[in-house]
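**Q** Encoded as structure tokens, here's the structure I'll be asking about.
The values are calculated or read from the model by the stated rules, or taken from the named source; none is laboratory data. Computed from a predicted model, the values in this text were never measured in an experiment. The protein model used for the area step is the full one, side chains on, heavy atoms only, and it has no ligands, DNA or RNA in it. Shrake-Rupley method; radii C 1.70, N 1.55, O 1.52, S 1.80 Å.
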Amino acid sequence: MTKVGQLFEDEKIRAVKEATERVTKEVTQKVTGEVTEKAAEKALKQGFSVESIAEILSMTEEEVLEIQEKLSMPV
């Protein structure tokens, strides 16, 4: 392979690696958020306090309150 061909091949490999890392990070963040939200919903249904849920799941109280509102549960 010529030097120019190798440069193009190296660039292609680098671009694919960067895209894979970016997509993996995005998917991981999305799934983690979904799992955390489901855990918060379950904890709310079981009667845990907003403060406890926020602390245990590393969320803000506002985030937990938003989930609580979606569930139409009294504060």
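**Q** Within the group 68, 6, 29, which residue is polar (S, T, N, Q), open to solvent by 50 Å² or more (accessible area, probe 1.4 Å), more than 15 Å from the chain's Cα centre (by Cα) and at negative phi?
**A** Working: 68 fails: open to solvent by 50 Å² or more (accessible area, probe 1.4 Å); 29 fails: more than 15 Å from the chain's Cα centre (by Cα).
Testing whether each residue is polar (S, T, N, Q), open to solvent by 50 Å² or more (accessible area, probe 1.4 Å), more than 15 Å from the chain's Cα centre (by Cα) and at negative phi leaves just 6.
**Q** Which residues, counting only those in region 32-60, are open to solvent by 80 Å² or more (accessible area, probe 1.4 Å) and over 16 Å from the mean Cα position of the chain (by Cα)?
**A** Taking region 32-60 and keeping what is open to solvent by 80 Å² or more (accessible area, probe 1.4 Å), we get 34-35, 38, 42, 45-46, 48, 51, 55-56, 58.
Across region 32-60, the qualifying residues are 42, 45, 46, 48, 51, 55, 56.
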